[in-house]
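Here the structure is laid out as structure tokens; the discussion comes afterwards.
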Amino acid sequence: MTELRNVEADLSRFRGRVLAASLVVLACFFLLSLRLAYLQVLRHDELSEQAENNRTAVVPIVPNRGLILDRNGIVLATNYSAYTLEITPSRLAASLDATIDALSAVVEIQPRDKRRFRKLLDETKGFESLPIRTKLTDEEVARFAAQRYRFPGVEIKARLFRNYPWGELASHVIGYIGRINQAEKKQMEEWEEEEQANYRGTEYIGKLGVEQSLERQLHGTTGVEQVETSAGGRAVRKLANTPATPGNTVMLSIDIKLQKLVEDLYGERRGALVALDPRTGEVLAFVSKPTFDPNLFVDGIDSENWQALNESIDKPLLNRALRGTYPPGSTYKPFMALGALTTGKRSATQVVMDSGTWTFGGHVFRSHGDHGLGPVDMYTSIVKSSNVYYYSLANEMGVDLMHDFMKPLGFGQLTGIDIQGEVRGVLPSQEWKRNYYRRPEQKKWYAGETISLGIGQGYNSFTMLQLAQATATLAAGGVKHKPRLVIATQDPMTRVREIVPAEPGEDLGYKPEHVAVVRKAMVGVTQGGTGTRVFAGAGYLSGGKTGTAQAVTIGQKEKYNAAKLEEHQRDHSLYIAFAPADDPQIALAAVVENAGFGAAAAAPIARRVFDYWLMGLYPSEEDLAAVRKGQAGAPLGKPRLAAEAAWPPQGAGPALVPPPGAAALAAAVSAASAAPDAAIVPTASTVPVATPRRPD
């Protein structure tokens, strides 16, 4: 029998289902509307910014690093653009080794490139882009571009590179830049946010010398470029651009031609020379030998070159002018004499009998091969370099009085020069020894230790910068100036230049008549003393003092014999000087390591520096060769005019065109210098015994 359907009941159920479905649909639309309102109204600004960021990318524009010039506008550090082949390890499709092997078939990659890349990889994170080859030729760029599809994670980039056109010349003072390492990145995290932002996109930073100390000036301001990107992240078009601002041009006080001359005079020998203007503290030459090529560090130095530099017995990476410390030897005597006059311990006319030896506490302190000079006053003690005179003077003054007098002159103190890394050296005192040594018996000061201090031996250990500053202070009549390298900066965009004024000098309060006695004796050194042969025929009058400093201690009963010692154990040759004698314009301190007597090696270099600076003369090739061998006194051959000396240096690269405004900047600095007041912006129980061999 057929069952009849209840139509009304079916319709009622259908309507209920439709109503329930409608309510669900309405609820969904309501929720969608709420979500839409939440997204479009409440989170509109945030999501709009995210959408814009997905559509666009902000790329930092690294600024051109500022130039470094010498006092005459010669370019010492500049930039150039070149292509690099870079790998981002995290984006590679194949293994790193396989990728590098495949790349080697397209672009030449040498073993040193691979070693440098591995070193950079160890220092950075895998997602960073690292160069495997730098300075690609146009042909190499074209070859890689044609096969780029084979190498995901590898790309060609155009980068700016730092260039030091004169290579090793003045490398310690100029410094170099290198990739920012992890330790430096950690330090940068402590910077203010604005300062950190300025280094986004930057991979290099100053590491040494002026490049490090003037980093803020030289870096410039990072720019930004906003570009529209496709879904794959490919740039489509530029939307906005804020250009980068190049770093400031920095002008140094050094004369690079004088610097080149001094480095040539040293040749293969080790040592340091600092020349200052005693009127302002400007550094005219800042030499440390041997040098190194800063260009090796720009791309990341390879392990072979690093090992050669780092393990060399000559220590080419050591800035000897700033960080090398030496006993001053007899160059200390003029300051001891001034100390005696100032403290009233001796008068200029007081006579001491120099019999060749001086005995204290059973120790015999020898002088000039045990041959005495007879009766000696203060003038003769400096001119003839009497040791006995200063042994007895040191005993009379005592270590603490010597310390208190020498400290204001800058011995054992930081000079405050405007580059980093300076060391203090040692100006001994009883307090210094108590703090320096650990064992009680080492802390005690023995009276015999004082004696050798009088002739610049014992614990005395100073830098050539400190010795040059003290000499300049003496030349300036007792007015001490802080040494400085930076004399001007210039904005590369506006050409606005700013002369960096010299700080006012500090008058140490010496009596003019006391300074005159010492300066007169130093002039006597060049006229009838230990420096006479070197300064014969000079067209100016200069003052100076030779010095010979022990590199190793010689026993009391032993005599010095250079032939029996290793080269690195032989005496150092030192010389301090100023010129002209009546109105000093230049003062210097020089040391030639393990070169013997002061008059044989260091003094001849000083003579050529003065000839260049005061007379405009450049040594002959014959004379240069003789000075390098320590076989010269007065200049040999016919000197050349400094203006006619070959420049640029042979093998240093092409001559650089001075940047716009360099000549005007140099002229402004010269004018400001001419008118400096113008309104322009051992164990404790062992007594260190000096054993000189002859007048030094």
Got a number for residues in the range 422-437 being part of a helix (DSSP H, G or I), touching an Asp or Glu at 6+ places or on another chain (Cβ under 9 Å) and open to solvent by less than 100 Å² (accessible area, probe 1.4 Å)? 2
In the range 133-142, which residues are over 33 Å from the mean Cα position of the chain (by Cα) and surrounded by 14 or more Cβ atoms within 10 Å (Cβ to Cβ)? Glu140, Val141
For residues in the range 59-111 being closer than 21 Å to Thr202 by Cα and at pLDDT 90 or above, which is surrounded by the fewest Cβ atoms within 10 Å (Cβ to Cβ)? Asn79
Condition check for Glu513: of a type in the set (Asp, Glu), open to solvent by 50 Å² or more (accessible area, probe 1.4 Å), at pLDDT 95 or above and not in a strand (DSSP E or B): yes
Which residue pairs have Cβ atoms closer than 7 Å, lie 6 or more positions apart in sequence or on different chains, and pair a first residue in the range 526-547 that is more than 17 Å from Phe335 (Cα to Cα) and small (Gly, Ala, Ser) with a second residue that is open to solvent by 30 Å² or more (accessible area, probe 1.4 Å) and part of a helix (DSSP H, G or I)? Gly539/Met615
Exclusive hit being among the basic types (Lys, Arg) and surrounded by 22 or more Cβ atoms within 10 Å (Cβ to Cβ), set Arg270, Arg279: Arg270
Restricting attention to the range 178-200, does a residue exist that is open to solvent by less than 40 Å² (accessible area, probe 1.4 Å), under 22 Å from Val262 (Cβ atoms) and either under 13 Å from the mean Cα position of the chain (by Cα) or aliphatic (A, V, I, L, M) (or both)? no
Please note which helices (runs of 4 or more DSSP H) are completely contained in the range 182-224 and include at least 1 residues that are of a type in the set (Gly, Ala, Ser). 182-188, 193-197, 209-213
Residue count, the range 319-339 (criterion: assigned to a helix (DSSP H, G or I), of a type outside the set (Lys, Arg) and either modelled with pLDDT under 95 or under 20 Å from Thr530 (Cβ atoms) (or both)): 9
Hey, Pro440 under 30 Å from Pro501 (Cβ atoms) and surrounded by fewer than 24 Cβ atoms within 10 Å (Cβ to Cβ) or not: no
Considering only the range 276-293, how many residues are part of a loop (DSSP other than H, G, I, E, B) and touching a Leu at 6+ places or on another chain (Cβ under 8 Å)? 3
What do you reckon, is Ala348 among the hydrophobic types (A, V, I, L, M, F, W, C) and assigned to a helix (DSSP H, G or I)? no
Those residues of the range 324-348 which are farther than 18 Å from Asp404 by Cα, in contact with a Phe, Trp or Tyr (Cβ under 8 Å, 6 or more places away or on another chain) and of a type in the set (S, T, N, Q), in sequence order: Thr325, Thr331
Report yes if some residue within the range 119-128 is open to solvent by less than 30 Å² (accessible area, probe 1.4 Å), in a loop (DSSP other than H, G, I, E, B) and hydroxyl-bearing (Ser, Thr, Tyr); otherwise report no. yes
With basic (Lys, Arg), closer than 30 Å to Glu225 by Cα and at pLDDT 70 or above as the only criterion, which of Arg15, Arg35, Arg43 stands out? Arg43
From the list Arg439, Arg484, Arg495, which one is under 22 Å from Asn319 (Cβ atoms) and of a type outside the set (Phe, Trp, Tyr)? Arg484
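Rundown of residues vs (1) under 30 Å from Ile74 (Cβ atoms); (2) touching an Asp or Glu at 6+ places or on another chain (Cβ under 9 Å), yes/no style:
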{"site": "Gln469", "(1), (2)": "yes, no"}
{"site": "Pro483", "(1), (2)": "yes, yes"}
{"site": "Met493", "(1), (2)": "yes, no"}
{"site": "Pro501", "(1), (2)": "yes, no"}
{"site": "Thr546", "(1), (2)": "no, yes"}
The conditions are (1) under 28 Å from Val525 (Cβ atoms); (2) at pLDDT 90 or above; (3) surrounded by fewer than 18 Cβ atoms within 10 Å (Cβ to Cβ), and Arg694 fails exactly one of them. Which is it? (2)
What are the residues in the range 480-498 that are buried (at least 19 other Cβ atoms within 10 Å of the Cβ) and among the β-branched types (Val, Ile, Thr), if any? Val486, Ile487, Thr489
Of the residues Val141, Val173, Val154, which is over 12 Å from Glu86 (Cβ atoms), touching a helix residue (DSSP H, G or I) at 6+ places or on another chain (Cβ under 8 Å) and among the β-branched types (Val, Ile, Thr)? Val173
Considering only residues that are buried (at least 19 other Cβ atoms within 10 Å of the Cβ) and in a loop (DSSP other than H, G, I, E, B), look in the range 516-532 and name the one that is nearest to the chain's Cα centre (by Cα). Gly531
Specify the residue that is most open to solvent (accessible area, probe 1.4 Å); the eligible residues are those in the range 144-177 that are in a helix (DSSP H, G or I) and not hydrophobic (A, V, I, L, M, F, W, C). Tyr149
Which of (1) outside any helix (DSSP H, G or I); (2) open to solvent by 20 Å² or more (accessible area, probe 1.4 Å) is the odd one out, the single condition Glu396 does not satisfy? (1)
Can you tell me which residue in the range 294-318 is nearest to the chain's Cα centre (by Cα), limited to those that are assigned to a helix (DSSP H, G or I) and not hydrophobic (A, V, I, L, M, F, W, C)? Asn295
When you scan the range 568-579, do you find a residue that is modelled with pLDDT of 95 or more and of a type in the set (Gly, Ala, Ser), even just one? yes
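The values are calculated or read from the model by the stated rules, or taken from the named source; none is laboratory data. Owing to the predicted nature of the structure, the values given are computational and were not obtained by experimental measurement. Because the Cβ atoms are built from the backbone with ideal geometry, glycine has one as well, and the counts that use them run over all protein chains shown. Only protein heavy atoms, including side chains, enter the accessible area calculation; ligands, DNA and RNA are left aside. Shrake-Rupley method; radii C 1.70, N 1.55, O 1.52, S 1.80 Å.
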